[in-house]
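Here, each number is a calculation from the coordinates, and none is a lab measurement. From a predicted model like this one, the values you see are computed outputs, not experimental measurements. As a convention, Cβ positions derive from the backbone with ideal geometry for all residues, glycine included, and neighbour counts pool all protein chains shown.
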Amino acid sequence: MYETILSIHSCWAYLVLLVLIVAVVNALIKTFGDKEYEAKDFRISLFTLIVSHIQLLIGLILYFVSPRFELWSELGGGVMGNSLARLYLVEHPFVNILAVALITIGYSKHKKKLTSNVKLKTIAVFYTIALVLFLSRIPWNTWL
């Protein structure tokens, strides 16, 4: 079960990154190009929100079924002293939860804005920060 969920989590991460990059680039181009907010922009931001939440749920399931989760009881506070255990048990989950929260906040805030430029700028700012956070905590050595 662990291997299956890990595989799904890794594959779905590619989709999340792809969709998030598309959303960020779209919002930035339209913001700096002073273009109008359209239904397509709403769908892109919504799809990004959905796939990131699905990834979060898969990640939470993976976190608790992972053999690494047992390191909490074995190492206790020593998890923070072990860089690999800290990455998988603390940094990666915390930062990615924060990134998904930023996507959620950005999506919610942009819906309340009235003008196109402000809507797109809100998406651009929140989704870009989320993208940077995602990229900072991906375990690149095991993922690629």
Alpha-carbon centroid distance for the pair segment 2-35 / segment 68-140, whole angstrom: 13 Å
Mean Kyte hydropathy of 1.0 or more with a Cα span along the axis of at least 24 Å, helices from DSSP in the chain: 2-32, 39-65, 116-136
Neighbour-count order for Trp12, Trp140, fewest beta carbons within 10 angstrom listed first: Trp140, Trp12
Set of aspartates and glutamates near Lys119 by C-alpha distance (under 12 Å), chain-local residues within fewer than 8 positions excluded: Asp34, Glu36, Glu38, Asp41
Hydrodynamic radius by Kirkwood, which averages 1/r over all alpha carbon pairs of the chain, in angstrom: 16.1 Å
Charge dipole of the chain about the Cα centre (unit charges at C-beta), most positive-ward option of Ala130, Gly106, Thr4: Gly106
Fluctuation leader among Ser116, Ser83, Ser45 - the chain, Gaussian network, Cα springs under 10 angstrom: Ser83
Segment 2-139: relative contact order in percent, alpha carbon pairs under 8 Å with at least 6 residues between: 34 percent
